[in-house]
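Please treat every number below as a calculation from the coordinates, not as lab data. Keep in mind that what you see is a predicted model, and the values were worked out from it rather than measured. Cβ atoms come from the backbone with ideal geometry, glycine included; neighbour counts cover every protein chain shown.
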Amino acid sequence: MAISKTKIFNMALNELGVTAPIANADAQDDTRAIILRNFYENARDEVLKAFDWNFAEKYRTLTPTSDECLDPRFQYVYDCPNDCLNAREIYVAEGNGEKKKFRLSANEAGQKILLTTVSPIVLRYTRRVEQETFFSPEFAAALALYLAGEAGKAITGSEQKANSAMRSYWDKVRLAQISNASEGQEVDEDKSTYLDAR
């Protein structure tokens, strides 16, 4: 069965011990659906940011803006892509794949920017994925647990059930790291260092 928001909501409810399913995640007459929707988008983005999920990985070549970099450690300023939730690594465009140092900051307008010493660059990042059909089964299970942890007390009145779901979420993320790593062969690491700004 394809992954859907309704399925994720029902997985979260099952984790909380609620057996009556939600027929539609967008139902306006189901208090449980309304509560879960209130937490859903933030929960989805938090779970995406928490781990380097393969299905959400994206590369983009960036060129620097004309903004002056006020941080003396860096020379160039880049606008972060709108769908960037977590900048993972940067490389010199057309370079040898060596990772470079970077720092995330914000400009005066509050927009996320990336500071570094090289230009142009390729950014590898975790993107915002909004369509549930693109989620991996491991991610959907982790999201359901996180959602149960966030919304559990409001739905069941039990802080203990919510805390249990959150502990299960962290266990699931650790297992997902193993599964995710087995989907490809890791590229040999070089000796360069970089700031993993999260």
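In plain terms, the bigger the Kirkwood radius, the slower the diffusion; for the chain, with that radius from Cα pairs, at 25 °C and 0.890 mPa s, Stokes-Einstein puts D at 132 µm²/s. Per residue, the chain reaches -12500 deg cm²/dmol at 222 nm when only DSSP H runs of four or more residues are counted, each adding -39500 (n - 2.57).
Across segment 57-127 the C-alpha pair distances fall into 10 Å bins from zero in the proportions 21, 59, 19, 1 percent. Using Cα centres only, tell me the gap between segment 12-27 and segment 92-141 in whole Å. Spelled out, the Cα-based centre of one part sits 34 Å from the other.
This model, with +1 at the C-beta of Lys and Arg and -1 at the C-beta of Asp and Glu, gives segment 1-91 a dipole about its Cα centre of some 320 debye.
Legend: ranking of residues M11, M166 from fewest to most surrounding C-beta atoms inside 10 Å; resulting order M166, M11.
Simple point charges give the picture: +1 on the Cβ of Lys and Arg, -1 on the Cβ of Asp and Glu, and for the chain a dipole about the Cα centre of about 320 debye. What list do you get for K100, K5, K58 if you sort them by fewest beta carbons within 10 Å? Lowest to highest Cβ neighbour count: K58, K100, K5. Listed by Cβ neighbour count within 10 Å, with the fewest neighbours leading, F55, F134 appear as F134, F55.
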